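Below: one structure, written as structure tokens.
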Amino acid sequence: GEPWTCGIKPVQVFIRTPSWGLVGHFCVEINTLPTSSLYHAAKWGLEGFSECLRQELEGFGVFVTLIEPGGARTSFSRNLQYALANPAYQDTPAGQIRAMFENAGDELYTLDPQKIAHRIFDTATSEKPPLRVALGGDAFGVIQAALKGRLSDLEAQESMARSVAFDG
């Protein structure tokens with residue numbers, strides 16, 4: 001296989017042995033934010049990896065689940081540190097996102113970490129956990145809007161997409 005897959009093969013053998021299990025990954029909602037391109041590239045890579053790994057292991061009773069929480073009220077947000085702002089970005093979407101996070105308070109971080117933990121436990125101990133679990137109304141709304149937007153974009157391209165097949 002590919003060099004980057006060599007590390008997962010021994011893990012797959014170990015994981016599929018018990019004939020039941022859960023591999024949980026934390027993932028950001030399937031949206032994107034300016035200023036976070038590298039972060040989202042890594043998270044989308046994890047999503048693709050998780051989807052494939054689930055297909056590989058589900059036959060052994062091992063499930064992979066992506067946990068997609070919204071803003072949890074923890075000390076994480078209060079301890080964020082920012083680099084000096086670049087004035088060139090001040091009036092751009094990137095500058096607006098930065099300002100939102102720098103000024104955010106409890107109104108942005110509305111989720112109870114203990115409730116999140118309970119839902120993750122419920123998911124992990126369920127008979128067949130779903131591929132994705134959105135936790136929080138904010139996460140649900142962002143995911144729903146992103147999927148609706150992508151579906152609308154795709155549907156607008158349907159005739160073009162179908163136009164490239166061989167005739168006949």
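Odds and ends about this structure:
- Helices (runs of 4 or more DSSP H) wholly inside segment 64-168 that include at least 1 residues being over 30 Å from Arg54 (Cβ atoms) and among the polar types (S, T, N, Q): 75-78, 93-103, 158-162
- Some residue of segment 30-45 being modelled with pLDDT of 90 or more, part of a loop (DSSP other than H, G, I, E, B) and over 16 Å from the mean Cα position of the chain (by Cα): no
- Per the listing Ile97, Ile67, the residue uniquely out of contact with any Cys (no Cβ under 8 Å at 6 or more places or on another chain) and aliphatic (A, V, I, L, M) is Ile97.
- Close pairs (6 angstrom Cβ cut-off, 6 or more residues apart or separate chains): within 10 Å of Thr35 (Cβ to Cβ) in segment 85-96, assigned to a helix (DSSP H, G or I) and open to solvent by less than 80 Å² (accessible area, probe 1.4 Å) anywhere: Tyr89/Gly95
- Search result, residues across segment 87-106 that are more than 24 Å from the chain's Cα centre (by Cα), surrounded by 10 or more Cβ atoms within 10 Å (Cβ to Cβ) and not aromatic (Phe, Trp, Tyr): Gln90, Thr92
- Selection count where residues are at pLDDT 85 or above and open to solvent by 80 Å² or more (accessible area, probe 1.4 Å), scope segment 61-78: 1
The values are calculated or read from the model by the stated rules, or taken from the named source; none is laboratory data. Quick caveat, the model's predicted, so the values are computed rather than measured. As a convention, Cβ positions derive from the backbone with ideal geometry for all residues, glycine included, and neighbour counts pool all protein chains shown. The protein model used for the area step is the full one, side chains on, heavy atoms only, and it has no ligands, DNA or RNA in it. Shrake-Rupley method; radii C 1.70, N 1.55, O 1.52, S 1.80 Å.
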